[in-house]
Amino acid sequence: MSDLLSVQRLEAFYGAGQVLHGIDLKVARGEQIALIGRNGMGKTTLLRALMGLVADTRGHIQFAGRDIRGDVPEKIARAGMALVPEGRGVFGSLNVVENLTMAARPGTDGRQRWTLDKIYQLFPRLRARRSNGGHQLSGGEQQMLTIGRALMTNPDLLLIDEATEGLAPLVAKDIWATLGIIREEGVATVVVDKDFRALSRIADRMVMLSKGTIVFDGTPSALARQQALLEQHLGV
């Protein structure tokens, strides 16, 4: 698989505080990466930096063969990257259809693989709730809507921050199944979540952050053999 994303020596700052310290990361086309680590280790900042949402970054971010570090988020989105943010960001005054269609556009190849009907197939509950406002949805339905909205941009790379945080177990199970379908469709993903075991089942690679640096990058099976590392950085 060819590299879709290549990050080299990435640093990120909020004011005088440095959060990322020389991140090197590659994501191949169609690959599913689990980004793990304790709270406050830089996972959200890394996703935000990739999406152009951190003002002060240094290093190199190449996406689809072009250096995008310093580009504005809308330009990065048009290049084929999409973010599902922590907290979901649903527009409460818009109904489900409006939340989805506001983001709709063809992919970078001109094709529109993800349509309204396809999102409804992925999330039947959204079809049933299509006339409801965003503020009328449950937390699980809002997460489905936010993932669906990101897919309507027909991205090549999907970044998902806290995929199942605060969701009931049955809803979380649906989200994990959905991530498997997204992977089968060839969309590369970087997924942040606290459910280490669920991530281990779906991910091609596990990338562990600690204090803004990568302390592990390898397969789930390789990480499972490093119990001391898991206990130190995850408490698993």
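Close Lys pairs in the chain (alpha-carbon distance under 26 Å; sequence gap of 8 or more, or different chains): 12. Taking only the C-alpha atoms of segment 1-126, the Rg (one decimal) and the largest Cα-Cα distance, Dmax (whole number), read 16.2, 47 Å. Taking every DSSP bridge with both residues inside the chain, close to 60 percent are antiparallel. With θ taken as phi - 60° and the Karplus curve 6.51 cos²θ - 1.76 cosθ + 1.60 applied, the whole-hertz 3J(HN,Hα) list for segment 206-214 is 10, 10, 9, 9, 9, 6, x, 10, 8 Hz, x standing for glycine and proline. With both labels modelled 7 Å from their Cα along Cα-to-Cβ, the GLN62 to ALA104 distance reads 3.6 nm. Across segment 145-230, counting alpha-carbon atoms alone, Rg and Dmax equal 13.6, 41 Å. Label-to-label distance, ARG29 versus ALA16, with points set 7 angstrom from Cα along the beta-carbon direction: 4.7 nm. Each DSSP beta bridge with both residues in segment 134-236 is either parallel or antiparallel, and the antiparallel ones are about 55%.
Computed from backbone phi with θ = phi - 60° and the Karplus coefficients 6.51, -1.76 and 1.60, the 3J(HN,Hα) list for segment 116-133 is 4, 5, 5, 5, 5, 5, 5, 10, x, 5, 5, 4, 5, 10, 4, 8, 7, x Hz; x is used for glycine and proline. Counting 0.36 nm for each residue step from GLN136 to GLN121 and taking away their Cα separation leaves a gain of 3.3 nm. For LEU83, nonlocal amide neighbours, meaning residues 5 or more places apart or on other chains whose placed amide H falls under 5 Å from its own, are LEU159.
Counting other Cβ atoms within 10 Å as a rough exposure proxy, the listed residues TRP114, TRP176 run TRP176, TRP114 from fewest neighbours to most.
What the phi angles of segment 166-183 give under the Karplus curve with 6.51, -1.76 and 1.60, with θ = phi - 60°, is a coupling list of x, 9, 5, x, 5, 5, 4, 4, 5, 5, 4, 4, 5, 4, x, 5, 4, 4 Hz, glycine and proline written as x. Each Lys and Arg adds +1 at its Cβ and each Asp and Glu adds -1 at its Cβ; summed about the Cα centre, segment 104-236 shows a dipole of about 340 debye.
Once divided by 2.2 N^0.38 Å, the Cα radius of gyration of segment 92-141 becomes 1.20.
Per residue, the convex hull around the alpha carbon atoms of the chain comes to 119 Å³.
Bear in mind that the values in this text are calculations on the coordinates, not laboratory data. Bear in mind that the values here come from a model prediction, so they are computed numbers and not experimental data. Glycine gets a Cβ as well: all are built from the backbone with ideal geometry, and neighbour counts include every protein chain shown.
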